[in-house]
1. DSSP loop (so not H, G, I, E, B), at most 16 other Cβ within 10 Å: list which chymotrypsin sites (Phe, Trp or Tyr not before Pro) in segment 248-301 pass both filters.
2. Given an 8 Å cut-off on Cα distances and at least 6 residues of separation, report the relative contact order of the chain as a percent.
3. Looking at segment 105-153, which trypsin sites (Lys or Arg not before Pro) are DSSP coil and have at most 15 other C-beta atoms within 10 Å of their C-beta?
4. Lys pairs in segment 73-221, Cα-Cα under 19 Å, at least 8 apart or on separate chains: how many?
5. Could you tell me which residue out of 61, 156, 47 lies farthest along the dipole of the chain toward its positive end? Charges go on the beta carbon: Lys and Arg +1, Asp and Glu -1, centred on the Cα centre.
6. Quote the Stokes-Einstein diffusion coefficient, in whole µm² s⁻¹, for segment 92-135, based on the Kirkwood radius over alpha carbon pairs, a temperature of 4 °C and a viscosity of 1.567 mPa s.
7. Would you mind getting the accessible area per residue of segment 229-280, heavy atoms of the protein chains only, 1.4 Å probe, in Å²?
8. Per 0.36 nm of contour for each residue apart, how much would the distance between residue 131 and residue 176 grow if the chain were fully extended, relative to their Cα-Cα spacing?
Amino acid sequence: MGARQSSARSQDKGPKGMVLLGGRQKFSPWDDALLSGKDPRSLLQRGMRHVSFSLVTKGMTDIPDFLWGLSEVQKLNLSHNQLRLLPPEVGKLTRLVVLNLCGNRLKSLPREISLLKSLKVLFVNMNCLTEVPAELSACQSLEVLSLSHNCLSQLPASLAGLPRLRKLNLSDNSFAHIPICVFSLKELDFLHVGSNRLENIAESIQCLVSLQIFIAERNNIHSFPRSLCLLTSLELLNLNNNDIQTLPDELYLLCRLARIAWNPMDKGLHISHNPLSKPLPELVEGGLEMLFSYLKDKKHT
């Protein structure tokens, strides 16, 4: 019995997931490497496609200097820490393809981010950003950019020069209008501007001819622009929780919208929680086919 109790105690978990072995703490691989003076390269994860390094939820306020010597890193995850500064040394990691800085306290990004020529995915959501460096436009390989849940009200005009950007998340910020540079991103197929301070959607939205998903929920948008109806690739259009009263007669042109959608994850037209004028609420309840038919007849009468 005593042996079994001793064995059970040896597997008890201590604080922050550390395992207690015979009354001694077994540190995480990262902590163990630092304490023993091991080569940090031993912590690199070498997958089939990328070399990865992760320091998630470590409570870090500063990034350890050894990281800047790991030039082979392609995927770097520093999310959910307490970082207030991303040092300019990040520019040394020139092979980075994915950089995750989500859930920190960053107010800005260094200009040296422009040196990350291979960067395809950048997550800086859930931080305290008040600006985005114009130099980010030098990351010509960038395809995915998430800036949601920050304190942004504008973007630099230079971001119009990101030729491969396909997915952009600007939700939960302080934008009063969609930044002009966004309308130059011809490859964009996903745009999320929900939970901002938008009162309208500029006619220039029609320039985003590749757009398949457009989310502008939880704003104060007063009208549904006809120019949106020219984006015939749209499969999900979410305008829930706005101040829209009428719908354009040309709405039926959005032939890839499969249904009136109620679940946030479903494709289709999301138009609930708007003060739609009669008879639109009843038509919406009747489904997209009924709504389209009414608007098409209305246009030709």
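1. Here the chymotrypsin sites (Phe, Trp or Tyr not before Pro) that fit, given the DSSP loop and packing criteria, are 262.
2. Over the chain, the number comes to 7 percent.
3. Of the trypsin sites (Lys or Arg not before Pro), the ones in loops of segment 105-153 whose Cβ has at most 15 other Cβ atoms within 10 Å are 105, 107, 117.
4. 10
5. 47
6. For the chosen part, D equals 118 µm²/s.
7. 46
8. Contour length minus the Cα-Cα distance gives 14.7 nm.
The values are calculated or read from the model by the stated rules, or taken from the named source; none is laboratory data. No experiment lies behind these values; they were computed from the predicted model shown. Note: ideal-geometry Cβ built from the backbone for every residue, glycine included; neighbour counts use all protein chains shown. Just so you know, the surface numbers come from the protein's heavy atoms only, side chains and all, with ligands and any DNA or RNA stripped out. Shrake-Rupley method; radii C 1.70, N 1.55, O 1.52, S 1.80 Å.
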